[in-house]
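Undergrad: Got a structure here, written out as structure tokens. Questions coming.
Nothing in this text is a laboratory measurement; each read-out follows from the coordinates by a stated rule. Since this is a predicted model, take the numbers as computed values, not measurements. We place every Cβ from the backbone using ideal geometry, glycine too, and count neighbours over all the protein chains shown.
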Amino acid sequence: MGILEKISEIEKEIARTQKNKATEYHLGLLKAKLAKYRAQLLEPSKSASSKGEGFDVMKSGDARVALIGFPSVGKSTFLSLMTSTASEAASYEFTTLTCIPGVIEYKGANIQLLDLPGIIEGAAQGKGRGRQVIAVARTADVVIMMLDATKGEVQRSLLEKELESVGIRLNKHKPNIYFKVYNKIDQISMEEVDRLARKPNSVVISCGMKLNLDYLLELLWEYLALTCIYTKKRGQRPDFTDAIILRKGASVEHVCHRIHRSLASQFKYALVWGTSTKYSPQRVGLTHTMEHEDVIQIVKK
């Protein structure tokens, strides 16, 4: 019996098992088995490891964002607009057949954007290269679900079902933060645009008319929870051309480790300018929490 058949049998048994205290343990075992088999579906098979698959993209930059959606919703156009990478776009389905990486340069950070092939219903069970697509999505800091605004709510519910069935937690904190992007809003009424824009964790855009892309970047920055820290040498002006990108809540010690792994052991104190201090500069220790666009000067022993 193959994995798909095993999954089907377990799902049927769960469906016909009454839920009560006596069956809690049994249902728990069944759900654990189900999760195990679904995870195995995401593991690439030996026969699929031929060259040219294009899914093993090295993680680079300060954060990774995966762009996921059904075919022909505008992912390739979005990648080309937001990065310097050209991803083929056309009006027919399945233009993108591999994972295409690009880089968004925003607020001093390099954000890796992955244009994944269009997903189809049944992707979690391996249809249409779904295993590889979802496996890559699991490595991202944020998943952007791009939807066609002219298709109503069908795409959203189908994609949510596919992602949640393999353990990608939607609209939760790490490891999988996610939000929806409705594209092609230039093709629907203003009333419908307003309705979609008011949905939680959603953004309305138009790649064709380049509408609302700046706001999307701002929201993406918030979801990634990144912060820029600038360094300053004694007697010199701060270097605003080369920011250190860290997660929100990072301490002075995190800054030291980013500069050099041995710097924290040589640390004496730091001078910090910015919103994290009561006055500028303020002398702080390793545990001081940095904030966006703070400037730091580290003094060694």
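Undergrad: At 7 Å along the Cα-to-beta-carbon direction for both residue 198 and residue 289, put a label point, then send me their distance in nm to one decimal.
TA: Placing both labels 7 Å beyond Cα along the Cβ direction yields 3.4 nm.
Undergrad: Also, I was wondering about something else. Quick check: net charge around residue 285, other residues with Cβ under 14 Å of its Cβ, Lys/Arg +1 and Asp/Glu -1?
TA: Surrounding charge for residue 285 is +3.
Undergrad: Let me ask something else. Hey, with R₀ at 51 Å, roughly what FRET efficiency would residue 31 and residue 241 work out to, going by the Cβ-Cβ distance, to 0.05?
TA: Once rounded, the FRET efficiency stands at 0.50.
Undergrad: I need the chymotrypsin sites (Phe, Trp or Tyr not before Pro) found in segment 227-298, filtered to DSSP loop residues with at most 13 other beta carbons within 10 Å of theirs.
TA: In loop regions of segment 227-298 (DSSP not H, G, I, E or B), the sparsely surrounded chymotrypsin sites (Phe, Trp or Tyr not before Pro) are 279.
Undergrad: Determine the gain in length on full extension of the stretch residue 299-residue 233; use 0.36 nm per residue of separation and subtract their C-alpha separation, reporting nm with one decimal.
TA: 22.8 nm
Undergrad: Next up: Taking 7 Å along the Cα-to-C-beta vector as the label spot, tell me the residue 191-residue 253 distance in nanometres, rounded to one decimal.
TA: Placing both labels 7 Å along Cα→Cβ, they lie 5.8 nm apart.
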